[in-house]
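Asker: Just dropping this structure here.
What follows is calculated from the coordinates using simple rules that are stated; it is not laboratory data. Owing to the predicted nature of the structure, the values given are computational and were not obtained by experimental measurement. Neighbour counts run over all protein chains shown; Cβ positions are idealised from the backbone, glycine included.
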Amino acid sequence: MNRNWHGAVLRRLLLLVSACLLVGLVTGEYAWALVIGLAGHLGWTLSQLLRLHKWLQEHKPDEPPPDGYGMWGEVFDSIYHLQRRDQKVRGRLQAVIDRVQESTAALKDAVIMLDSQGNLDWWNIAAETLLGLKTPQDSGQPITNLVRDPRFKEYFESNNFHDPLDLPSPLTDRRRLQIQITRYGNHEHLLLVRDVTRLYQLEQMRKDFVANVSHELRTPLTVIAGYLETMLDNVEAVNPRWTRALKQMQEQGGRMQNLLNDLLLLAKLEATDYPSDNHPVDIELMLQSIKSDAQALSGEQKHQITLQVEPQLKLKGSEAELRSAFSNLVFNAVKYTPGQGQIHIRWWGDASGAHLSVQDTGPGIEAKHLPRLTERFYRVDSSRASSTGGTGLGLAIVKHVLLRHRALLDIKSTQGQGSTFTCNFPPMQVVRPRP
Ligand code: ADP
């Protein structure tokens, strides 16, 4: 086809030159005949080019091209066919886009597309009801200007979207949203927002129930424990047959009190996302006092407890919560390590933040238990745990306290050799001495 076209153009030019030469032969002016002939051809070509340009500039869709002559007619037709083909492809693509947009518009979850700068590109109708986005005013606005919660800003800028974020809706506090971000293409973001109000309310009810039951049980238990203590203080007035039973009752009462205290502490930790105070805490001092408490707990078992701290390295957070987490780890090491065993507490800082590790030479924990260890009431060996008087809530408390301080718990253990529990705090929580 192309070769034909080239041939036709060449044939026409040859014809023109031959005609000019014929005229030259008749008139004897070859040069003039050629110049006039070629100039005429150039003028005609230019006029066709201008017609093409005018049509390309002004034509409406579907308007056929003007009639062209010779090779120009073919050029006009080819461009027209190309345009028609392009229109068909575009029509098909538009139909696909329309279908995708219709289906996402029908979704109850909000779908929001952001460009690489985090500005709004496109969103569905649910995004307007859940987040209050307005069409078209908000188009091109940074998402962090429209969802103003500091937790969202921090989540968005952290670039770590492994876990979703739960937030109250910017429109009403009664609605709870779960936001999940996915990166795609060229640093663009896709935001999926779900309404999880019902789940949140159920979770809230569970927490309130546990907190209320624990609170209500505390008073009767205190009364019973008080009477048991009084009776055991006057043990000579009690029938000797009851002494053993009373002692056991007192012991179990103490366990129940510990359990309630731990449940209440967990409920308190769950009630808010961040600790109320965020002052630098002197970890060195705290660990020294935990060490001496651990030594007292060890008593006759004579564990060798060593402490290695980087002086002046402090942590932002709640002193009471951190003390509770760290002492849980150290007391666990004492409880589960046989007498004379070694326990090493280490507190240090590096480029990735600050770390507290508690290493023991206890029995260790089988690898299959490690992922579940921080679950409430999870015990590796229930018979052994009941003899240590543990509540099964210690590591759950540690995990919650650490989450509130943006830290993570890492557990390494080899059976028969011992365990190492490490709390890893990010640099933003660390306060270093001024150089
Ligand atoms: P508990 O009150 O039973 O100690 P925790 O939540 O503190 O509950 O610990 C959960 C379980 O993890 C314990 O029952 C115990 O089996 C295991 N565990 C915790 N710390 C250690 C440790 N240092 N060495 C061995 N096992 C441990």
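Asker: Would you mind ranking Tyr80, Tyr155 so that the residue whose beta carbon has the fewest other beta carbons within 10 Å leads the list?
Answerer: Arranged by neighbour count, lowest to highest, Tyr80, Tyr155 become Tyr80, Tyr155.
Asker: How would you rank Thr219, Thr45, going from fewest to most other Cβ atoms within 10 Å of each one's own Cβ?
Answerer: Ascending Cβ contact count within 10 Å gives the list Thr219, Thr45.
Asker: Okay, moving on. Once you've got the Cα coordinates, tell me which of Lys153/Lys316; Lys335/Lys399; Lys314/Lys412; Lys291/Lys335 are over 22 Å apart.
Answerer: The answer is Lys314/Lys412.
Asker: Between Leu50, Tyr227, Gln359, whose Cα lies farthest towards the positive end of the dipole of the chain when Lys and Arg beta carbons carry +1 and Asp and Glu beta carbons carry -1, centred on the Cα centre?
Answerer: Gln359
Asker: Please identify, among Asn332, Asn234, Asn160, the residue showing maximal mean-square fluctuation in a Gaussian network model of the chain using a 10 angstrom Cα cutoff.
Answerer: Asn234
Asker: Please enumerate, by chain and number, the aspartates and glutamates with C-alpha under 13 Å from the C-alpha of Lys134, excluding those fewer than 8 residues away in the same chain.
Answerer: Cross-link targets: Asp121.
Asker: With an 8 Å Cα cut-off and a minimum separation of 6 or more residues, compute the relative contact order for the chain in percent.
Answerer: Relative contact order comes out at 9 percent.
Asker: Let me ask you something else. Report the residue, chosen from Phe377, Phe76, Phe331, that carries the largest GNM mean-square fluctuation when the chain is represented by alpha-carbon nodes joined by springs under 10 Å.
Answerer: Of Phe377, Phe76, Phe331, the Gaussian network model singles out Phe76 as fluctuating most.
Asker: Convert each backbone phi in region 313-330 into a coupling constant with the Karplus relation 6.51 cos²θ - 1.76 cosθ + 1.60 (shift: θ = phi - 60°), then list the ³J(HN,Hα) values in order as whole Hz, x for Gly and Pro.
Answerer: 8, 10, 10, 7, x, 9, 4, 5, 5, 5, 4, 5, 5, 5, 5, 4, 5, 5
Asker: Using Cα pairs under 8 angstrom and six or more residues apart, how large is the relative contact order of region 5-102, in percent?
Answerer: Reported as a whole number, the value is 17 percent.
Asker: Could you work out the relative contact order of region 202-271? I mean the mean sequence separation of Cα pairs under 8 Å and 6+ apart, divided by the number of residues, in percent.
Answerer: 53
Asker: Continuing with the same structure: Can you give the FRET efficiency to the nearest 0.05 for His53 and Leu22, using r as the Cβ-Cβ distance and R₀ = 41 Å?
Answerer: 0.75
Asker: Could I ask something else about it? To the nearest 20 debye, what is the magnitude of the charge dipole of the chain about its Cα centre, counting +1 on the Cβ of each Lys and Arg and -1 on the Cβ of each Asp and Glu?
Answerer: About 620 debye.
Asker: Please arrange Lys88, Lys316, Lys60, Lys207 by counting, for each residue, the other beta carbons lying within 10 Å of its beta carbon, fewest first.
Answerer: Listing Lys88, Lys316, Lys60, Lys207 from fewest to most nearby Cβ atoms yields Lys60, Lys88, Lys207, Lys316.
Asker: Let's see if you can work this out: charge +1 on each Lys and Arg Cβ, -1 on each Asp and Glu Cβ, no other charges. What is the dipole magnitude of region 5-102 about its Cα centre, in debye to the nearest 20?
Answerer: In debye, rounded to 20, region 5-102 gives about 240.
Asker: Through the Karplus equation 6.51 cos²θ - 1.76 cosθ + 1.60, θ set to phi - 60°, convert the phi angles of region 285-292 into ³J(HN,Hα) values in whole Hz; use x for Gly and Pro.
Answerer: Running phi through 6.51 cos²θ - 1.76 cosθ + 1.60 with θ = phi - 60° gives 4, 4, 5, 4, 6, 5, 4, 6 Hz.
Asker: If you don't mind, another one. Could you point to the residue in Leu402, Tyr274, Leu131 farthest towards the positive end of the chain's charge dipole, with +1 and -1 charges on the Cβ of Lys/Arg and Asp/Glu respectively?
Answerer: Going by the Cα projections, it comes out as Leu402.
Asker: Here is a follow-up. Efficiency by 1/(1 + (r/R0)^6): what FRET value for Gln288 and Arg92, r their Cβ-Cβ distance, R0 = 56 Å, to the nearest 0.05?
Answerer: With a Förster radius of 56 Å, E is 0.15.
Asker: How much mean residue ellipticity at 222 nm does the chain get from its helices, if each DSSP H run of length 4 or more adds -39500 (n - 2.57) and you divide by all residues, to the nearest 500 deg cm²/dmol?
Answerer: Estimated from H runs of four or more residues: -18500 deg cm²/dmol.
Asker: Work out from phi, with θ = phi - 60° and the Karplus expression 6.51 cos²θ - 1.76 cosθ + 1.60, the ³J(HN,Hα) of each residue of region 424-433, listed in order in whole Hz, and give x for Gly and Pro.
Answerer: 10, 9, x, x, 5, 8, 9, 10, 9, x
Asker: Looking only at Trp72, Trp347, Trp123, which one moves most when the chain is put into a Gaussian network model with springs between Cα atoms under 10 Å?
Answerer: For the chain, modelled as a Gaussian network with Cα springs under 10 Å, the answer is Trp72.
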